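Here is the structure we will look at, set down as structure tokens.
The values are calculated or read from the model by the stated rules, or taken from the named source; none is laboratory data. Remember, it's a predicted structure, so these values are computed and weren't measured experimentally. So basically every Cβ, Gly included, is an ideal-geometry build from the backbone, and we count neighbours across all protein chains shown.
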Amino acid sequence: MTTLQELTTRATQQRDAAQTAVDRAQAELASLREDPNLTTEMVRSTVATRDAADRSLAEAQSSLDGLLSAQREEDEVQQQYRQTSPAANRAPAYDRVARVGAEERTYQGPQASRDGRGVNGPDFLRDLYDYQVKRDPGAGGRLERHGQEVERLDPMFAQRMTGTGAVSGFVPPQYLTDLFAEFARAGRPLANLCSGIPLPETGMEVDIPRVTTATTTAVQTAEGGAIGNTDLDDTLLAAPVRTVAGYTDVSRQAIERGVMVQSLVFGDLAADYNAKLDTQLINGSGASGQHTGVLNVVSINGITYTDASPTIPELWPKLADAAGQVMGQRFTGPTAFAMRSNVWAWILAQVDTAGRPLVEPGTIAVNPIAVASTRPVDYTVTAVGSLFGVPVVLDNNIPNNLGAGTNETRIIAADFRDLILMEDDSAAPVQLRFDDVLSGTLQVRLLAYGYSAFAAGRQPKAISVISGTGLIVPAL
């Protein structure tokens, strides 16, 4: 069996390797400033590499700290052992030895109890916290025993974990990932389509120059004749830094005696943060602390579809017009169509006069009006199909209460590379825990927040929005 000293040596080597990776990524990020061909994607990719290296370093350091603490505790135990009498050191009788694999698992989940009453047993996350923060030897012992159980009961898993430098005693029991169902939220599909760059470290507004009067050239009619001349003029596109934040107060008893409470709360706050940010990017008003969302950008391409009985063949020219407007005025092309899932479901449900579906999976269909993904329809995938070869992305944060009757939705076609989303951290939102603010009532405040700036109006003609009564989506 691998000794504690060997694990400590291995963890030290991995910590040093992670530090080297962080230094390399930082140096690469610094060198980008001198690159004349610098692009947003280069910055984004390098920052992602740097952040991944930072996370690996933090994980390696945490594992090393835990092992060093365990080493110190083992040394103390050995010292005490040497100071006791030989009789006290006599090995226990055979029937008093606990054998790994012959007894119940250390961590069995919140439903596990020997008498069937559902009493909680030891909690892995609570033990991990108590051991790393409070240096609780009892928690450390249970974690060490859990590591032995992982090696004994699942050797292949233990081998994989050892291969990646992890410590099996710090591997969460599988039940932690199976018992809880998170609250359903729409996520941030449109935000993920935008060009993401780091938010500047200081300031509450990011100004982006935008050309409003372009230079011109002209054919010189004869030698010595006049040539084109127009002075360039620009205005600043202001992208205010906005804050999305939320908190909840949790009793200390729930955190310390519950199961996964803190991680569940933070996960739920993060999920709602992402959904709220995505909603702002779509339909924010630009006032009262909101971003200016795509639907409220001035001078975008507006396509109106008026139809009391909408059909896909009648919507089809409007979809083509939305793509064509981006191609004809931004001179690029849309990188995605974004729509609500019920709109896409309605499109999938349409059939021709012979009852054949107008949308078929894959590329084997004959004369299809659209192509669906060959995978099962799934909101969470990057694209569920394509229109004119342009990916279709579902986003249920797109409102469905617009128009005169407050019952219309919208379809967005855009070159999302022109929409710039700046966020303060790749791991946003930031998560904070305040133990003192509510100490008088033995509560803990858990808070999540993030800063962001959004520039959707950088190229208004890169955005097409289909609106009108034709987007009152009928029931299937």
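Restricting the stretch 225-241 to residues that are touching a strand residue (DSSP E or B) at 6+ places or on another chain (Cβ under 6 Å) and not polar (S, T, N, Q) leaves a set whose member that is surrounded by the most Cβ atoms within 10 Å (Cβ to Cβ) is Ala239. In summary, Asp268 fulfils each of the numbered conditions (1) touching a residue at least 40 places away in the same chain (Cβ under 8 Å); (2) under 30 Å from Phe388 (Cβ atoms) with the single exception of condition (2). With respect to being aliphatic (A, V, I, L, M), over 24 Å from the mean Cα position of the chain (by Cα) and modelled with pLDDT under 75, Leu4 fits the description.
Would it be correct to say that Thr217 is exposed (fewer than 12 other Cβ atoms within 10 Å of the Cβ), farther than 27 Å from Gly403 by Cα and of a type in the set (S, T, N, Q)? Here the answer is yes, as Thr217 does meet what is asked. One residue alone among Ala181, Ala222, Ala254 is without any contact (Cβ under 8 Å) to a residue 60 or more places away in the chain, surrounded by fewer than 19 Cβ atoms within 10 Å (Cβ to Cβ) and part of a helix (DSSP H, G or I), and that residue is Ala254.
Which one of Gln280, Gln350, Gln325, Gln290 is within 20 Å of Gly385 (Cβ to Cβ) and in contact (Cβ under 8 Å) with a residue 12 or more places away in the chain? Of Gln280, Gln350, Gln325, Gln290, the one residue that is within 20 Å of Gly385 (Cβ to Cβ) and in contact (Cβ under 8 Å) with a residue 12 or more places away in the chain is Gln350. Applying the set (1) crowded, with 16+ Cβ neighbours inside 10 Å; (2) touching a Leu at 6+ places or on another chain (Cβ under 8 Å); (3) not basic (Lys, Arg) to Asp352 leaves exactly one unmet item: (1). Mind checking which residues of the stretch 399-434 are closer than 16 Å to Ile255 by Cα and in contact (Cβ under 8 Å) with a residue 60 or more places away in the chain? Of everything in the stretch 399-434, those that are closer than 16 Å to Ile255 by Cα and in contact (Cβ under 8 Å) with a residue 60 or more places away in the chain turn out to be Gln431, Arg433.
Answer with yes or no whether Ala238 is modelled with pLDDT of 90 or more, farther than 22 Å from Ala271 by Cα, of a type in the set (A, V, I, L, M, F, W, C) and not assigned by TED's automatic domain parsing to the domain that holds Ala448. It is false that Ala238 is modelled with pLDDT of 90 or more, farther than 22 Å from Ala271 by Cα, of a type in the set (A, V, I, L, M, F, W, C) and not assigned by TED's automatic domain parsing to the domain that holds Ala448.
Kindly indicate whether Lys276 is touching a Phe, Trp or Tyr at 6+ places or on another chain (Cβ under 7 Å) and outside any loop (DSSP other than H, G, I, E, B).
no
Per this entry, Glu205 is not counted among residues that are among the acidic types (Asp, Glu) and surrounded by fewer than 10 Cβ atoms within 10 Å (Cβ to Cβ). For the stretch 282-333, the tally of residues that are more than 33 Å from the chain's Cα centre (by Cα) and either charged (D, E, K, R) or assigned to a loop (DSSP other than H, G, I, E, B) (or both) stands at 8.
Looking at Phe331, Phe337 in this structure, which one is under 25 Å from Cys194 (Cβ atoms) and either without any contact (Cβ under 8 Å) to a residue 60 or more places away in the chain or surrounded by fewer than 16 Cβ atoms within 10 Å (Cβ to Cβ) (or both)? None of the other options fit; the residue is Phe331. Taking the stated definitions as given, is Asp268 in contact with a helix residue (DSSP H, G or I) (Cβ under 7 Å, 6 or more places away or on another chain), crowded, with 17+ Cβ neighbours inside 10 Å, closer than 23 Å to Leu394 by Cα and among the acidic types (Asp, Glu)? Judged against the criteria, Asp268 is not a match.
Listed here are the residues, each with its yes/no results for (1) aromatic (Phe, Trp, Tyr); (2) surrounded by 22 or more Cβ atoms within 10 Å (Cβ to Cβ); (3) in contact (Cβ under 8 Å) with a residue 40 or more places away in the chain; (4) in the same structural domain as Ser309 (by TED's automatic domain parsing).
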residue: Asp436; (1), (2), (3), (4): no, no, no, yes
residue: Leu442; (1), (2), (3), (4): no, no, yes, yes
residue: Arg445; (1), (2), (3), (4): no, no, yes, yes
residue: Ser452; (1), (2), (3), (4): no, yes, yes, yes
residue: Ala456; (1), (2), (3), (4): no, yes, yes, yes
residue: Ile463; (1), (2), (3), (4): no, yes, yes, yes
residue: Thr469; (1), (2), (3), (4): no, no, yes, yes
